[in-house]
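Enquirer: Have a look at this one before I ask anything.
The values are calculated or read from the model by the stated rules, or taken from the named source; none is laboratory data. No experiment lies behind these values; they were computed from the predicted model shown. A quick note on method: Cβ atoms are made from the backbone with ideal geometry, for glycine too, and the neighbour counts reach across all protein chains shown. Please note that ligands, DNA and RNA were not included when accessible areas were found on the heavy atoms of the full protein model with its side chains. Shrake-Rupley method; radii C 1.70, N 1.55, O 1.52, S 1.80 Å.
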Amino acid sequence: MNKIYLDNAATTPLSEEVIDAMVDTMKVNFGNPSSTHSFGQEAKILIENVRRQVADYLHVTPAEIIFTSCGTESNNMIIKSSVEHLGIERIISSPMEHKCVSESILDMKNRKGVEVSYIRPNEKGDIDLAKLEELLKSSDKKTLVSLMHANNEIGNIVDIKKIAQLCKENNALFHSDTVQTMAHMNLDFSDIPVDFASCSAHKFHGPKGIGFAFIRKSSGLKGIITGGPQERSLRAGTENVAGIAGLGKALELSLNNMEAYTEHMQSIKQYTIDQISAEIPGIKFNGRSSEADNSLYTVVSLLLPYKNPLIGLQLDMKGIAVSQGSACSSGASKPSMVMMMVLSEDEMDNCTPLRVSFSHMTTKDDIDAFVTALKEISKDFVIENTNVEHR
């Protein structure tokens with residue numbers, strides 16, 4: 001069976017060049033970066049070169065880049081340390097954040113008594129910036145705003161620069177989960193006054209187990225993992241040297257090929273939208289994922305006009321990997337908060353969300369096979385819900 005991978009928003013396959021860079025590092029740069037001898041210092045130099053590479057991409061200083069294990073760790077560190085060490089008393093966020101953000105916020109509410117305000121998105125998944133400004137002006141409590149740059153389920157992109165400016169004007173700190181956009185878009189943090197951001201290398205063909213946090217040097221944030229002085233004393237523990245090398249190579253490849261990769265994936269995304277619209281009657285698209293503007297070129301979120309919680313398994317049996325987002329996959333599971341925000345009750349009861357996500361490795365043949373398989377599965381369902389009202 002020729003297997004097809006269309007779940008790149010979850011993770012991406014490693015580039016061969018990344019694997020080679022990591023293997024070479026494990027063979028040659030095996031020293032502990034904290035050791036003073038040449039073996040350790042060679043590993044340390046490698047780390048600092050990648051740190052400088054990341055900093056150059058974001059137009060920040062190397063001291064503002066802290067290597068972590070992933071975006072989840074970065075988000076936890078930023079949110080929890082902001083409360084613990086920066087005196088944050090209130091957090092403004094959205095119900096559509098990644099679980100690592102929403103759970104960290106809830107933890108701070110329950111353990112530290114932090115006040116939490118949520119901006120409910122509209123039916124397209126958009127955040128009302130007027131409502132954000134209203135909330136920012138409504139209290140003198142020291143506030144952290146946490147809003148993701150692009151949604152991992154429906155692909156909506158927020159105006160990160162405008163949000164950062166609103167926060168700065170109202171003396172609030174701004175954290176953005178940029179896991180889905182880092183190395184996919186040009187980000188200039190010398191122009192965008194964000195205070196904190198997060199990254200996972202495995203979202204752009206790097207290895208799992210490595211990421212970084214951007215921490216604005218003026219913020220005063222402190223680490224929550226204590227021990228040695230590694231990572232400017234913000235993240236104790238021996239660094240993942242091979243992982244950092246892999247992150248650096250993956251970032252290099254992404255930046256060098258960003259224009260070509262973007263053009264290819266935009267074309268693949270539009271091809272997917274066109275083919276599936278033509279072949280599946282009643283298909284709809286969630287959020288702004290079918291739009292060219294304000295939407296990630298890596299993601300299309302579909303709404304099938306019938307209920308089939310086993311669709312992901314059925315496609316997998318045909319050798320095609322996609323994601324049901326966080327929609328129902330069994331009678332015991334619940335739809336994700338994102339789907340609850342953008343779908344009507346009728347859609348929740350009668351339709352099936354499905355996320356398809358691309359990389360520069362995705363081909364039109366892959367999409368043709370996916371659409372053919374989906375069409376075959378759809379024949380088993382009487383499509384009665386083409387008139388279901390979309391919120």
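Enquirer: Could you run through the range 133-166 and say how many residues are over 30 Å from Met265 (Cβ atoms) and either surrounded by 16 or more Cβ atoms within 10 Å (Cβ to Cβ) or in contact (Cβ under 8 Å) with a residue 40 or more places away in the chain (or both)?
Expert: 9
Enquirer: For Ala250, are the conditions met, namely being open to solvent by less than 20 Å² (accessible area, probe 1.4 Å) and of a type in the set (Gly, Ala, Ser)? If you could, list the steps in order and put the result at the bottom.
Expert: Details: open to solvent by less than 20 Å² (accessible area, probe 1.4 Å): yes; of a type in the set (Gly, Ala, Ser): yes.
For Ala250, the condition - open to solvent by less than 20 Å² (accessible area, probe 1.4 Å) and of a type in the set (Gly, Ala, Ser) - is met.
Enquirer: Among the residues of the range 195-215 satisfying the criterion of being touching a helix residue (DSSP H, G or I) at 6+ places or on another chain (Cβ under 6 Å) and part of a loop (DSSP other than H, G, I, E, B), which is surrounded by the most Cβ atoms within 10 Å (Cβ to Cβ)?
Expert: It comes out as Gly206.
Enquirer: Go through (1) open to solvent by less than 30 Å² (accessible area, probe 1.4 Å); (2) in a loop (DSSP other than H, G, I, E, B) for Arg120 and report which single condition fails.
Expert: With (1) open to solvent by less than 30 Å² (accessible area, probe 1.4 Å); (2) in a loop (DSSP other than H, G, I, E, B) applied to Arg120, the lone miss is (1).
Enquirer: Tally up the residues in the range 253-307 that are under 25 Å from Phe381 (Cα atoms), open to solvent by 10 Å² or more (accessible area, probe 1.4 Å) and touching a residue at least 24 places away in the same chain (Cβ under 8 Å), please.
Expert: So the count comes out to 8.
Enquirer: To continue, here is another question. Of all residues in the range 85-105, which are farther than 20 Å from Asn152 by Cα and assigned to a helix (DSSP H, G or I)? Walk me through how you get there before you give the answer.
Expert: Taking the range 85-105 as the starting set, the residues that turn out to be farther than 20 Å from Asn152 by Cα are 85-91.
Across the range 85-105, the qualifying residues are His85, Leu86.
Enquirer: While we're here: Tell me which residues, restricted to the range 178-187, are open to solvent by 10 Å² or more (accessible area, probe 1.4 Å) and touching a helix residue (DSSP H, G or I) at 6+ places or on another chain (Cβ under 7 Å). It would help to see each step written out before you state the result.
Expert: So in the range 178-187, the residues open to solvent by 10 Å² or more (accessible area, probe 1.4 Å) come out as 179-180, 184-186.
Passing the criteria: Val179, Gln180, His184.
Enquirer: Do we find a residue being in the same structural domain as Ser289 (by the TED database), open to solvent by 20 Å² or more (accessible area, probe 1.4 Å), outside any strand (DSSP E or B) and at pLDDT 90 or above anywhere in the range 350-360?
Expert: yes
Enquirer: All but one of (1) part of a loop (DSSP other than H, G, I, E, B); (2) modelled with pLDDT of 95 or more hold for Glu291, so report the exception by its number.
Expert: Failed condition: (2).
Enquirer: Quickly run through the range 319-334 and pick out the residues that are open to solvent by less than 50 Å² (accessible area, probe 1.4 Å), at pLDDT below 90 and under 19 Å from the mean Cα position of the chain (by Cα).
Expert: Answer for the range 319-334, where residues must be open to solvent by less than 50 Å² (accessible area, probe 1.4 Å), at pLDDT below 90 and under 19 Å from the mean Cα position of the chain (by Cα): Gln324, Gly325, Ala327.
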